[in-house]
1. Rounded to the nearest 10 Å², what accessible area does Asp23 show when all protein chains are kept and the probe is 1.4 Å?
2. Within the range 90-194, what percent of beta bridges assigned by DSSP are antiparallel, to the nearest 5?
3. Could you rank Lys259, Lys379 by how accessible they are, 1.4 Å probe, largest area first?
4. Using θ = phi - 60° and the Karplus form 6.51 cos²θ - 1.76 cosθ + 1.60, what ³J(HN,Hα) does each residue of the range 417-432 get, whole Hz, x for Gly and Pro?
5. Which percent, nearest 5, of DSSP beta bridges in the range 360-452 are antiparallel?
6. Just grab the label-to-label distance for Ala262 and Glu77, each label 7 Å out from Cα along the Cβ direction, in nm (one decimal).
7. At a 1.4 Å probe radius, carbon and sulfur cover how many percent of the accessible area of the range 242-400?
8. Given labels modelled 7 Å from the Cα in the Cβ direction, how far is it in nm from Val289 to Asp392?
Amino acid sequence: MKIILVGGGKVGTALARQLSEEDHNVTVIDTNKARVEHLSESYDVMGIVGNGSSITTLSEAGIEEADVFIAVTGSDELNLLCCLIAKKAGNCHTIARVRNPEYYSESQFLKDELGLAMVINPEFAAASEIARVLRFPSAIKIDVFGRGRVELLKFRLPENSPLAGCAVKEIVTKLHCDVLVCTVERGDEVHIANGEFVFEEKDVISIVAATRKAGEFFRKIKYKMNSVKDVMVVGGGEIGHYLCEQLIRSGMSVKLIEKDPARCETLCATLDDGVAVINGDASDQNILVESGLEQTGAFVALTNLDEENILLSLFAKSVCDCKCVTKINRIGFDNVISKLDLDTIINPKSITSDTIVRYVRAMSSSRGSNMETLYNVIKGKVEAAEFIIKEDSPVIDVPLMELDLKPDVLVAAILRDKKVMIPRGHDSLQIGDAVIIVSRQIGLRNITDIIK
């Protein structure tokens with residue numbers, strides 16, 4: 001597909017890389033010449049220096065033939081204006097990044113009146129992911145499928161775990177748990193687990209289970225499941241604002257530490273009374289301890305500095321047994337950060353780019369199925385995709401054991417008539433099923449892509 005991307009910042013860079021890797025024809029527009037040159041030299045994209053709201057610039061980029069137009073500049077107003085002009089000048093799907101809470105609360109109106117295909121708010125999306133993890137603190141990461149009926153949970157196997165030394169197939173025979181092990185990360189190795197795979201301590205495991213079945217599995221492996229009742233949040237930016245709102249609605253007690261007095265006043269005026277806003281510098285360890293760090297159930301570091309967030313989380317882990325969530329903006333040091341003793345890492349830019357790529361890939365799906373959901377289980381290595389089978393295809397009515405699947409492809413779950421099935425070899429796919437595929441085959445667009 002032909003895609004025009006306005007804005008070459010961190011989100012734009014992530015999108016340019018992902019979309020070009022999936023063989024889309026991408027044109028990037030930005031007013032910064034050095035940024036445009038860097039993107040066009042680093043990825044297989046065309047670069048244009050100019051204003052994305054200029055009809056001259058858009059015509060040069062080929063707006064009349066564009067399938068998708070994406071505006072992710074640092075200005076909400078410019079993003080909306082760009083999409084409005086692009087919609088008038090061409091017949092394309094338009095996507096705008098909108099960060100202002102006032103605008104985002106009116107996103108449905110903006111979509112209807114401006115004809116937008118999607119409004120994406122990185123801060124709200126990041127806060128939602130953090131809130132989801134805090135509701136089930138045993139997990140490092142939780143992805144949701146089937147409108148909340150199925151979860152893919154990633155967790156680290158603790159020392160002395162009863163699972164250490166067990167094979168994957170024993171989860172069913174010994175524990176009698178209806179879950180499916182998808183991936184195992186061991187050091188730098190990534191495995192799509194088969195029945196013979198044997199777990200070791202400190203493995204990072206992802207499983208798929210019906211929402212109500214996951215808790216039963218964690219209880220049987222004696223994994224810590226204490227729900228979080230109180231949360232300490234450091235950083236009162238937009239993510240912190242959205243997160244506090246969501247946590248209070250979930251019945252949690254929240255303390256928010258912010259060093260800017262003016263921002264504290266704004267937060268006090270807009271947040272529920274259940275949020276205790278503390279004006280202080282969280283880099284001062286005494287502030288954290290005096291605010292109750294040693295007793296908190298979860299600690300979330302959301303400052304604008306990656307280094308500070310990492311240090312704050314490591315300090316929190318050293319003084320209390322709490323769930324830690326760390327915001328990281330730069331993703332170039334993934335290998336280093338993954339070796340630190342951090343629980344859950346959140347990257348708002350990646351969440352945003354993944355959401356947009358999911359929409360683009362769903363648009364390019366061929367006949368036979370619709371892509372509903374797409375998540376990076378392991379960034380750049382393993383994806384999980386949900387497809388709705390809408391018409392006859394080669395995968396219908398064939399037992400899974402007889403399907404000639406591509407290597408490292410796993411049919412993880414089937415949703416049929418409100419029932420969640422963890423599939424076995426004799427099960428088959430039917431029209432109307434929602435099916436979740438976990439695969440190292442990056443770039444699946446259609447359910448038929450799973451077969452050789």
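The values are calculated or read from the model by the stated rules, or taken from the named source; none is laboratory data. Bear in mind the structure is a predicted one, so any value in this text is a computation, not a measurement. FYI the Cβ positions are ideal-geometry reconstructions off the backbone, even for glycines, and counts take in every protein chain you see. Just so you know, the surface numbers come from the protein's heavy atoms only, side chains and all, with ligands and any DNA or RNA stripped out. Shrake-Rupley method; radii C 1.70, N 1.55, O 1.52, S 1.80 Å.
1. 130
2. Details: 9 of 12 bridges.
Percentage antiparallel, nearest 5: 75.
3. Details: Lys259 130, Lys379 75 Å².
Final ranking, largest accessible area leading: Lys259, Lys379.
4. Computed from phi, the couplings for the range 417-432 are 6, 6, 9, 9, 10, 8, x, 10, x, 7, 6, 9, 8, 10, 4, x Hz.
5. Values: 24 of 25 bridges.
Among the beta bridges of the range 360-452, antiparallel pairing accounts for roughly 95 percent.
6. That separation, rounded to one decimal, is 1.8 nm.
7. Working: 3490 of 7100 Å².
After summing per-atom areas, the C and S share lands at 49 percent.
8. 7.3
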